[in-house]
Amino acid sequence: MTLSEEEVAGDLEPAEPAPPSRGRVLAGRFLASRQGRAGVGVLALMFVLAFAGPLFAPWSHTDKDFAAFLEPPSGRHWFGTLQTGADVYALTLRGLQRSLIVGLLAALVSTALAALAGAFAGYFGGWTDRVLTWITDLLLALPAFLILAIMSPLFGSGQWPLFVLMLALFLWMVTAKITRGMTISLRQREFVRAARYLGVPPVKIIFSHVLPNLSSLLIVDATVNVSAAILAETSLSYFGFGIQPPDVSLGTLIADGSRTAIYAPWTFWFAAGLLVVTVLAVNVAGDALRDAFDPGAKGGR
Amino acid sequence: MSPVLEVDGLEVAFGDVPVVRGLSYELRAGEVLGIVGESGAGKSVAAAAVLGLLPPEAKVSGSVRLHGRELIGAPERELARIRGRTVSMVFQDPQSALTPVYRVGDQIAEAVRAHQRVTKEQAAVKAVDLLDLVGIPDPARRALAFPHEFSGGMRQRALIAMAIANDPDVIICDEPTTALDVTVQAQVLEVLRKAQCRTGAAIVLITHDLGVVAGFADRVLVMYAGRPVETGDVDDVYYRTRMPYTSGLLGSVPRVDGGGRRPLVPIEGGPPEPGRPAPGCPFAPRCPMREEACDDREPPLFEVGAGHRAACIRWADVRRADGGEQARAPREPVTRGPRTVLEVQGLVKRYPLMRGAMFRRRAGTVHAVAGISFDIREGETLGLVGESGSGKTTALTQILELAEPEEGRIVVLGCDTARLTAGQRAAVRRDMQVVFQDPAASLDPRMTVYDILAEPLRAHRAGAPGRRVAELLALVGLDTAHAARYPRELSGGQCQRVAIARALALEPRLLVLDEPVSALDMSIRAGVLNLLGALKDRLGLSYLFVAHDLAVVRYLADRVAVMQLGRIAEIGRAEAVYATPAHPYTQALLSAIPLPDPVRERSRERILLDGEPPSPADPPSGCRFRTRCPTFRGVLTAEERSLCVDAEPEVRPLGEDQAAACHYAEKLAVV
Ligand code: SF4
Ligand code: SF4
């Protein structure tokens, strides 16, 4: 017999391996990439700036300095002031707060919705599929902008979570349809069948096999959605349907600032710059996350 | 006689990765040269380079002379004139070599008109002649068919017809039969032989199958890591092997002949990746005879006999690494175990056949499985063998799904699948595990090996997986360090070991093996087969081994069941079925398998099947095999035939543990 080694090996007392399970390997690979670190670092910085920054400023976003209208940046007003005398630094950070939360949350919620609806419809088929597909099609057919506009009075002060939810509700359908199609083909793949024959429960299969294998799509979708949500919020706010004053968002600031951008660039460029940096950081981090999920990408072992 | 084709010092590189290095051969008129190698050995690239078919980024150097004319560096126009006229090619995948939107006859006529000045009508007539020559029945009508209306075997014949359309001097066949079933492979090889007789062409036959070469080629060239490592007359290479790789290959292929199960001698490790230049012999990491001097420099081809060369510095010491004589002790007496782990009775599965793109309507029924019965006792291995369309995969899926059958019964580990409670289902899932064909596809690419192995343990709440994972890895001969890897970082053989380890995680009693080695390179198969054999002995497992390859099955199976068109043709103890098959189909199947033994292969009488396998949607009346049955055609009288036409034969016993579904079953030795 030529199996002596294997027989012997089987009888040895094996050393216990440190469980290199997916979570750890993922985190390791994500943080090992320069992109991942940079993206997360910049995002964290944005959050710190948005939430801790106002603490150090002498002005709040509702204050008006009647001694300084449309002043350029100075020691008194770090980012300058608007025509109304409002402090651009305070306004921008407040807007950043809102936009970060609206953008990230709406993107996360919509991608999660898309992933769940698509994967369940595709994996279970039958009635689950029919009902979910029906809902998806219905939402696709509804005029999202109009509904958001009609609902805008509800988004008054302090109601922004509702706004986030509504925004997310109109972003997920197309991705859900793609996810459903890909799930149907994944379902036939041997490793999914293998898991089924191993006795792994269906919901667990969706979470441990189907969704991770769609992660590239979902992460790209989420990063695109961050920009989409921020931009959607911006355009809604531009027409006065989004975040309602006195609250501000980067969108409302950019909309207002664009009118004075030529002769008072500080009213526009700080908000626009932060928006660009945020969206870029999200995209860079998303790329790194996608690579970390994909064992074939460079940066793997 | 001067050679038709001379290849001298051919080198091909993609970027700075050398794929073919120092390939030289000569081909005389009417000669057949077999080029053998595993995937990645560079054999297909070498063939494409000869015809100038490589993409422009490939760097080709050396010399290829056709009738003395240099082809490398020749202008594209000249090459185009030669291709298809002086040299033609037959590809592995006839599906992609035929244009789907043109009629087959037109495509052949097109090939004729590309090089000959004939009218359209003359070319069409010639196309029909050619189809007739390659054995396509009713050629005039078939010439009007589209490629998708042809079966795989017929497409390959059409491709051969196209290749010989202009009486070429050289035909290069790249794995011409790899995608085909064995009985169809035998037919296609026969056609190729006939085509060669007609045209007198020389043939370069590229394949990984040592059996195909043994019977067909005059000379062999074995390639390893882009280099020729042994070349010579077929008999010299097979019987007087002078290179450890060749002898390793010959020792590691399972064969259908020979007394009992020979232990296979696996070649350690896997083929090297291209582009990693090591100074010494490329085979050294896997070579059992390696010594210090091997690492000094790459051994050149030594002249080891008349026209026989081998690239090994120890060629004089090489013996065939074949466990031949010291065959494993004959197997225990023919008593079967008392306990049944799997019982299938009268299983039937039909699929509706849908037609129409807009309005789908039922156009018929595919009888994928039409009443099969078998059982597996504890500790036993049943090989379920069949060609494509035999229904073996459907039967397997029915068992794995634990589906309630349309008709008949499936009893897995004492539980009838028609009356399973949720608890029983979970228990059965635990005790019956499966290993799939393609290891890369059956492991989730996004999971580490650790997670893959831990998954069944977690699903059945079998405690903390850490220790068990280490045990499992050791059990299948892997390292604990492999736990942190992703499947794509492992070789095919290692992946299959992981899949086997996963299947063993819950200590099952029945293991279903779905073609577990057919996706692996041949030098790795032996290792996996040995592993399966040893695990079975050690853990007392029972196997249901589904395969299309009778040789592989023979190595592991105690009993075999041969399926044909949804029915069992023959079932019984492996020794009996292989030594004296009784059903004409089994006989044809066994006789179609090429043996890696040139002398026996040349002297063998093949039982060739005629025609194409009937569609399972429309099986013939009576015996399902009668349209292709050689006995029915050649031996029986008209009266006897009527029984075959009218009555479907039942599986009936013929002696001790052997049974066949044929009215006129007669035992016959064919290998
Ligand atoms: S040269 Fe050495 S390593 Fe290479 S095949 Fe011969 S004995 Fe083996
Ligand atoms: S029953 Fe008749 S047709 Fe069928 S296999 Fe036997 S001899 Fe051939």
What helices (runs of 4 or more DSSP H) completely inside the range B:85-145 contain at least 1 residues that are assigned by TED's automatic domain parsing to the domain that holds B:Glu190 and in contact with a Lys or Arg (Cβ under 8 Å, 6 or more places away or on another chain)? B:94-97, B:104-115, B:120-133
Taking strands (runs of 3 or more DSSP E) that fall entirely within the range B:193-310, which contain at least 3 residues that are closer than 30 Å to B:Leu180 by Cβ and of a type outside the set (Val, Ile, Thr)? B:219-224, B:227-233
More than 9 Å from chain A (Cβ to nearest Cβ), touching an Asp or Glu at 6+ places or on another chain (Cβ under 8 Å) and open to solvent by 10 Å² or more (accessible area, probe 1.4 Å): is that true of B:Gly540 in this structure? yes
Could you say which residue among B:Leu535, B:Leu506 is in contact (Cβ under 8 Å) with a residue 60 or more places away in the chain and in a loop (DSSP other than H, G, I, E, B)? B:Leu506
Does A:Leu171 satisfy the criteria of being touching a residue at least 40 places away in the same chain (Cβ under 8 Å) and either of a type in the set (D, E, K, R) or within 14 Å of another protein chain (Cβ to nearest Cβ) (or both)? no
Options B:Glu570, B:Glu650, B:Glu639; residue that is of a type in the set (D, E, K, R) and modelled with pLDDT under 85: B:Glu639
Within the set of pairs 6+ apart or on separate chains, which have a first residue in the range B:237-251 that is open to solvent by less than 10 Å² (accessible area, probe 1.4 Å), a second that is part of a helix (DSSP H, G or I), and C-beta atoms under 6 Å apart? B:Tyr238/B:Pro598; B:Thr241/B:Ser247
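Let's see how each residue does on (1) over 30 Å from B:Pro139 (Cβ atoms); (2) within 27 Å of the chain's Cα centre (by Cα):
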| residue | (1), (2) |
| --- | --- |
| B:Val32 | no, yes |
| B:Ser39 | yes, yes |
| B:Val45 | yes, yes |
| B:Leu79 | yes, no |
| B:Gly84 | no, no |
| B:Ala114 | no, no |
Residue count, the range A:108-126, condition touching a helix residue (DSSP H, G or I) at 6+ places or on another chain (Cβ under 8 Å) and open to solvent by 40 Å² or more (accessible area, probe 1.4 Å), comes to 5
With respect to B:Ser247, is the statement that it is within 14 Å of chain A (Cβ to nearest Cβ) and within 16 Å of ligand 1 (Cβ to nearest atom) true? no
Name the residues in the range B:572-602 that are open to solvent by 20 Å² or more (accessible area, probe 1.4 Å) and in a strand (DSSP E or B), would you? B:Arg573
Scan the range A:196-218 residue by residue and report those that are farther than 19 Å from A:Leu26 by Cβ, part of a helix (DSSP H, G or I) and facing chain B (nearest Cβ under 8 Å). A:Tyr197, A:Leu198
Considering only the range A:145-175, how many residues are crowded, with 19+ Cβ neighbours inside 10 Å and of a type in the set (Val, Ile, Thr)? 2
Considering each residue of the range B:622-671, count those that are within 11 Å of ligand 2 (Cβ to nearest atom), among the hydroxyl-bearing types (Ser, Thr, Tyr) and more than 30 Å from the chain's Cα centre (by Cα), and give that number. 2
Checking B:Thr448 against (1) out of contact with any Ser or Thr (no Cβ under 9 Å at 6 or more places or on another chain); (2) within 11 Å of another protein chain (Cβ to nearest Cβ); (3) open to solvent by less than 50 Å² (accessible area, probe 1.4 Å): exactly one of these is not met. Which one? (1)
If the requirement is being of a type outside the set (A, V, I, L, M) and touching a Gly at 6+ places or on another chain (Cβ under 6 Å), which of these qualifies: B:Gly540, B:Gly572, B:Gly492? B:Gly540
Restricted to the range B:306-324 and to residues being open to solvent by less than 30 Å² (accessible area, probe 1.4 Å) and at pLDDT 80 or above, the residue nearest to ligand 1 (Cβ to nearest atom) is B:Cys312
Within the range B:379-415, residues surrounded by 15 or more Cβ atoms within 10 Å (Cβ to Cβ) and in a strand (DSSP E or B) come out as B:Thr381, B:Leu382, B:Gly383, B:Leu384, B:Val385, B:Gly386, B:Gly408, B:Arg409, B:Ile410, B:Val411, B:Val412, B:Cys415
Can you find a residue that is in contact with a strand residue (DSSP E or B) (Cβ under 6 Å, 6 or more places away or on another chain), more than 22 Å from B:Arg219 (Cβ to Cβ) and either outside any helix (DSSP H, G or I) or open to solvent by 30 Å² or more (accessible area, probe 1.4 Å) (or both) anywhere in the range B:15-35? yes
Regarding the range B:497-516, can at least one residue be identified that is closer than 22 Å to A:Arg29 by Cβ and facing chain A (nearest Cβ under 7 Å)? no
Tell me which residues, restricted to the range B:57-84, are among the β-branched types (Val, Ile, Thr) and part of a helix (DSSP H, G or I). B:Ile82
Quickly run through the range B:434-444 and pick out the residues that are open to solvent by less than 50 Å² (accessible area, probe 1.4 Å), within 7 Å of chain A (Cβ to nearest Cβ) and touching a residue at least 24 places away in the same chain (Cβ under 8 Å). B:Val434, B:Phe436, B:Ser442, B:Leu443, B:Asp444
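The values are calculated or read from the model by the stated rules, or taken from the named source; none is laboratory data. Since the structure is predicted, the reported quantities are computational estimates derived from the model, not experimental observations. Cβ: placed from backbone, ideal geometry, glycine included. Neighbour counts: every protein chain shown. The protein model used for the area step is the full one, side chains on, heavy atoms only, and it has no ligands, DNA or RNA in it. Shrake-Rupley method; radii C 1.70, N 1.55, O 1.52, S 1.80 Å.
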